[in-house]
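Below: the structure, in structure tokens.
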Amino acid sequence: VPSARQRGSLGGPRDLFALPSARRPPPAPHWPIECEVIKEPIQHIGEGVLRPLPPPFTPQAAHLGAPSVSPSPCPHPLGLPLTVPPGSCFTRARIGGAPGPLSSPAAPLEGPQDTTLLFESRFESGNLQKAVKVGPYEYVLRLRPDLYTTKHTQWFYFRVQNTRKDPLYRFTIANLAKPTSLYSEGMRPLLYSQRDAQSRGVGWRRVGTHVRYYRSDGKEPSTFHLSWTVRFPHDGDTCFFAHSYPYTYTDLQRYLRGVMGDPACSRYCAVRALCRSLAGNTIYLLTITSPAGTVAAKRVVVLSARAHPGESVGSWAMRGFLDFLLSAHPDARLLRRLFVFKVVPMLNPDGVVVGNSRCSLAGRDPNRAYGTALRGSFPGVWHLRAMVERVLAEREVVLYCDFHGHSRKNNVFMYGCDGGGASAGLRLLQRVFPLMLSKNAPDKFSFPSCKFKVQKSKAGTGRVVMWRMGISNSYTMEVAFGGSTLGRRNSHFTVEDLKSLGYHLCDTLLDFCDPHPAKLQQCLSEVDVLLRQRLGRKPGSGWNDVSTSELES
């Protein structure tokens with residue numbers, strides 16, 4: 001546990017950290033000095049005022065082969081400047097990124113008849129490294145790897161201008177890293193039309209026909225391609241494409257500004273700085289509890305999100321959780337009366353700002369660093385763990401949950417911790433919270449998809465380290481980038497779907513901690529029966545001789 005002197009944190013005393021205020025705009029994010037940043041603010045309206053029905057998957061996409069790329073005698077490269085030499089590491093950051101004038105990302109248009117799209121990604125959370133025009137309406141795109149690495153290409157988010165309404169465009173991202181993807185299961189990219197948002201209140205929507213995910217042709221054997229075709233809704237529009245609904249560091253700061261400006265919320269929600277990131281961005285810690293009751297007797301719930309910056313679905317689930325917990329709903333009041341909530345809504349703001357998929361500016365995965373985290377490399381992880389150690393010295397932590405996104409499995413599910421040496425009752429109990437959540441969100445949460453084995457490769461994750469510190473109910477909640485295949489659904493998640501997960505988590509916490517044990521006992525019995533059916537074990541036999549691998553099979 002760090003001393004008071006050690007907790008003075010990176011970059012200066014804690015009381016000098018920039019905190020959101022209702023009376024001034026959110027502090028501008030700090031960028032590495034290698035990053036060029038456009039001055040134009042980028043802000044979206046979510047899905048807009050016209051909330052769509054959950055858009056269906058396109059299952060035929062899984063059966064389509066690789067498209068042929070139209071040859072072009074004169075490819076038109078459209079590079080987006082980023083001066084990060086190979087093998088370099090983070091040195092310093094400043095507001096606005098690289099000093100000096102911006103470079104031009106492409107040759108200027110030749111006139112009104114020039115139909116070349118203009119690409120841009122030098123804004124918060126943006127990611128696109130290069131676009132090459134290989135046909136009149138066809139582009140091959142390359143994503144930027146996570147800064148100071150040569151890998152982790154998954155998240156994309158970029159702007160296009162100079163659109164035409166009638167032509168069918170094809171885009172192919174040619175350097176994706178993962179061998180499988182939900183794009184092969186019918187998932188489609190997201191499009192945002194600025195004109196539709198302004199005139200009709202329409203925000204992000206799923207688009208694309210002939211969506212295909214396939215291995216490269218052999219020149220780059222470790223990469224995979226994503227291809228889709230689309231028609232833009234308007235001539236001369238400004239549009240954006242994204243892998244998932246963006247949720248930026250500035251979005252979080254705007255939200256916290258609203259919380260601090262609400263007289264009711266400020267009575268039971270304290271927004272503080274946990275620490276500063278490597279770039280100097282504040283990592284926020286929210287403490288939420290009712291002043292009524294004896295605070296010292298309350299148990300604690302610890303939640304975090306966005307260790308992986310490209311998993312924006314985690315932020316939307318966290319947003320829904322905070323919306324409900326800070327509301328006047330009777331269940332929210334009860335939760336605040338019963339528990340102290342410690343919430344870190346964005347653990348890796350630097351990665352979110354620069355548009356990384358997985359890493360922080362240390363060039364490594366923060367969710368593998370909880371066991372050995374150095375304060376100078378992973379300040380958010382180090383301070384979160386230290387905060388939990390201090391809490392555990394004083395009271396029980398009833399739940400730890402880290403929100404993530406998943407690119408290869410649909411639905412929502414959890415990873416828990418079963419080390420194999422615990423008593424039968426405890427091994428079953430670790431499965432009860434996910435089972436309850438599946439009952440409260442039957443059209444989204446899949447209990448059969450949950451896993452509880454502690455793999456060696458996951459020893460440094462938040463859930464495993466917190467479990468080994470003494471938190472029995474320690475989980476990673478995985479939210480699919482795609483959507484749900486449960487019940488009568490076979491459709492993408494909307495923003496409202498993602499936010500509803502936060503409410504369902506609150507509802508499940510009340511069920512799990514209900515002083516009347518009926519629900520808990522029922523779920524314990526269900527888990528016991530379910531596992532016996534899976535393994536063919538007779539009623540009454542114990543679980544101590546069963547390995548975790550057998551339970552997972």
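The values are calculated or read from the model by the stated rules, or taken from the named source; none is laboratory data. No experiment lies behind these values; they were computed from the predicted model shown. Cβ: placed from backbone, ideal geometry, glycine included. Neighbour counts: every protein chain shown. Side chains included, ligands, DNA and RNA excluded: accessible areas come from the protein's heavy atoms. Shrake-Rupley method; radii C 1.70, N 1.55, O 1.52, S 1.80 Å.
Whenever you get a sec, compute what percent of the accessible area on the stretch 249-548 sits on carbon and sulfur atoms (1.4 Å probe).
52 percent
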ask   = Looking at the square roots a ≥ b ≥ c of the eigenvalues of the Cα gyration tensor of the stretch 249-548, which shape do they give, rounded for a/c under 1.5, prolate if a/b is larger than b/c, or oblate?
value = rounded
inquiry  = At 7 Å along Cα-to-Cβ for each site, give me the label-to-label distance between GLN161 and ASP511 in nm.
reply    = 5.0 nm
task = Report the charge-dipole magnitude of the stretch 249-548 in Debye, nearest 20, computed about the Cα centre from +1 at each Lys and Arg Cβ and -1 at each Asp and Glu Cβ.
result = 480 debye
task = Enumerate by residue number the trypsin sites (Lys or Arg not before Pro) in the stretch 123-198 meeting two conditions: DSSP loop (anything except H, G, I, E, B), and at most 16 other Cβ atoms within 10 Å of the site's Cβ.
result = LYS151, ARG164, LYS165
request  = Report the extension gain between SER103 and ARG23 in nm, rounded to one decimal, defined as 0.36 nm multiplied by the number of residues separating them, less their alpha carbon distance.
outcome  = 25.3 nm
message = Under the rule of at least 5 residues apart or a separate chain, name every residue whose amide H is placed under 5 Å from the amide H of PHE452.
response = GLY416
ask   = Quick one: net charge of GLY280's neighbours, Cβ under 12 Å, K/R +1, D/E -1?
value = +2
inquiry  = For a protection proxy built on the mean count of beta-carbon atoms within 10 angstrom, sort 205-217, 309-321 highest first, please.
reply    = 309-321, 205-217
key: Computed lengthening from LEU530 to ARG254, 0.36 nm per intervening residue step minus Cα-Cα distance   = 94.9 nm
inquiry  = Report for the stretch 249-548 the percent antiparallel among DSSP-assigned beta bridges with both residues inside it, nearest 5.
reply    = 40 percent
ask   = For CYS35, which sequence-distant residues (separation of 5 or more, or a different chain) have an amide H within less than 5 Å of its own amide H, given hydrogens modelled in the peptide plane?
value = ALA98
inquiry  = Using the Karplus curve 6.51 cos²θ - 1.76 cosθ + 1.60 with θ = phi - 60°, what ³J(HN,Hα) values do you get for each residue of the stretch 145-154, in whole Hz, with x for Gly and Pro?
reply    = x, 3, 4, 6, 9, 10, 9, 6, 9, 8
inquiry  = As an exercise, use a Förster radius of 22 Å and the Cβ-Cβ distance of ARG333 and ARG390 to find the FRET efficiency, rounded to the nearest 0.05.
reply    = 0.25
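Based on the Cβ-Cβ distance from THR180 to LYS456, what FRET efficiency comes out when R0 is 25 Å, to the nearest 0.05?
According to the calculation, E is roughly 0.65.
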query = How much net charge surrounds HIS234 when only the other residues with a Cβ under 15 Å from the Cβ of HIS234 are counted, with Lys and Arg +1 and Asp and Glu -1?
reply = +3
request  = Could you list the residues of the stretch 456-492 with an amide nitrogen less than 20 Å from a label point located 7 Å from the Cα of LYS151 in the Cα-to-C-beta direction?
outcome  = 456-462
Accessible surface, the stretch 249-548, averaged per residue in Å² (probe 1.4 Å) = 35 Å²
ask   = Quick one: which of LYS130/LYS451; LYS130/LYS444; LYS165/LYS409; LYS342/LYS458; LYS165/LYS499 span more than 28 angstrom between C-alpha atoms?
value = LYS130/LYS451; LYS130/LYS444; LYS165/LYS409; LYS165/LYS499
